[in-house]
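> To start, I am sharing the structure in question, which I have written as structure tokens.
The values are calculated or read from the model by the stated rules, or taken from the named source; none is laboratory data. Quick caveat, the model's predicted, so the values are computed rather than measured. Every residue, glycine as well, gets a Cβ built from its backbone with ideal geometry; the counts of neighbours run over all protein chains shown. The protein model used for the area step is the full one, side chains on, heavy atoms only, and it has no ligands, DNA or RNA in it. Shrake-Rupley method; radii C 1.70, N 1.55, O 1.52, S 1.80 Å.
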Amino acid sequence: MAIKLITDSGADLSQQTLSQYNITSIPLRVHINGVDYEDSQSLYPEELYEHIRLGDEAKTSQPSPTRLYEILEPLAKKGDPMLYIAFSSALSGTYQTALSVREELLTTYPNIEFEIIDSKCASLGQGLAVYYTAQQILQSKSFEEVIEQAKFYCKNIEHIFTVDDLALLAKGGRVSKTAAFVGGLLNIKPLLHVEDGKLIPLEKIRGRKKVFRRMVEHMKHRAPALSNQTIAISHGDDEQAAIELKEMIEQEFGPQSFIIEIIGAVIGSHAGPGALALFFLNEAKATDKRKHPELS
């Protein structure tokens with residue numbers, strides 16, 4: 001039986017990639033001016049960023065249990081093994097809701113194989129884990145092998161990112177309002193990463209160009225082997241910045257390939273226009289390198 005791969009819009013994967021690998025994506029929700037939208041269904045990233053630039057406040061939420069059931073039930077009915085790689089539980093309640101919906105589905109379809117993984121990743125960090133897992137499915141690996149590999153990818157994907165405006169992170173409680181105000185005055189850009197699914201500040205840097213250089217330096221420190229990897233870059237409606245960072249990485253490491261995507265409406269509501277994020281596999285043990293040539 002074919003393995004059905006599922007994720008959500010927190011992964012920031014394009015419709016082209018989702019279609020290419022037959023991945024089902026569950027839309028998270030965005031609320032603007034009293035109107036509810038589904039990420040990448042009724043609200044697209046470019047529209048979200050335009051709202052933010054106009055001063056509109058965007059709030060986000062997980063999909064309802066009913067909406068999750070509507071999407072997952074037809075897949076369960078087919079009887080194929082299902083693997084859902086979910087947005088970090090530290091940033092969204094979607095993972096916990098999915099666990100509840102799975103229990104409900106098992107009462108009707110007691111024989112389905114349905115694994116849900118808390119990716120502890122966000123944006124294309126989650127998306128890169130999904131992408132690598134799709135490659136494993138194409139190699140006709142068993143369901144157990146695919147689950148094992150998916151957990152490995154989620155555990156070992158690094159997130160290095162910056163935002164252009166600290167105010168949106170302050171609204172979300174990620175930095176203090178005072179830090180956001182002072183940072184804006186001094187042109188200070190925060191560099192952050194993800195640790196155990198949570199956003200953790202790394203350092204503050206003055207000037208965008210210096211931020212790019214530090215992102216590449218952190219990359220070199222965390223993953224000495226990069227030439228065989230696929231590197232993912234997501235951006236807050238600033239493709240030129242993503243291309244500039246890509247060119248710096250190409251010159252330094254010469255990786256195998258890149259995935260560049262715009263940050264979706266849910267994560268973009270908090271990161272804002274001008275955000276830039278970088279994702280890659282970190283240094284792993286020798287035993288992992290034997291299993292994963294991209295780490296060699």
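> Any chance you could count how many residues in region 57-70 are open to solvent by less than 30 Å² (accessible area, probe 1.4 Å) and assigned to a helix (DSSP H, G or I)? Walk me through it before giving the result.
Residues of region 57-70 open to solvent by less than 30 Å² (accessible area, probe 1.4 Å): 58, 63, 68.
This time we only want the ones that are assigned to a helix (DSSP H, G or I), so: 68.
Residues that pass the stated criteria total 1.
> Next up: Quick one: count up the residues across region 104-154 that are at positive phi and open to solvent by 50 Å² or more (accessible area, probe 1.4 Å). Write out each step before concluding.
If we filter region 104-154 for residues that are at positive phi, which is where we start, we get 120, 123, 140.
Next, from what is left, pick out any that are open to solvent by 50 Å² or more (accessible area, probe 1.4 Å): 120, 140.
The number of residues fulfilling the criteria is 2.
> If you take the residues in region 226-249 that are touching a residue at least 40 places away in the same chain (Cβ under 8 Å) and over 14 Å from residue 163 (Cα atoms), which one is most open to solvent (accessible area, probe 1.4 Å)?
Among those residues, the one meeting the criterion is 228.
> Residue 230 is checked against (1) modelled with pLDDT of 90 or more; (2) touching a Gly at 6+ places or on another chain (Cβ under 9 Å) and fails just one. What number does that condition carry?
Residue 230 satisfies every listed condition except (2).
> Same structure, new question: Would you check which residues across region 149-171 are part of a helix (DSSP H, G or I), at pLDDT 80 or above and of a type outside the set (Gly, Ala, Ser) and list them?
Selection gives 149, 151, 152, 153, 154, 155, 156.
> I'm trying to understand the selection: among the residues of region 22-36, which are buried (at least 21 other Cβ atoms within 10 Å of the Cβ) and either aliphatic (A, V, I, L, M) or touching a residue at least 24 places away in the same chain (Cβ under 8 Å) (or both)? Working first, answer last.
Step one: of region 22-36, the residues buried (at least 21 other Cβ atoms within 10 Å of the Cβ) are 23, 25-30.
Within region 22-36, 23, 26, 27, 28, 29, 30 meet the criteria.
> Let me ask something else about it. Within region 219-257, track down each residue that is aliphatic (A, V, I, L, M) and in contact with an Asp or Glu (Cβ under 6 Å, 6 or more places away or on another chain). Spell out the reasoning first.
Taking region 219-257 first, the residues aliphatic (A, V, I, L, M) are 219, 223, 225-226, 231-233, 241-243, 245, 248-249.
Listed by number, the list holds a single entry, 223.
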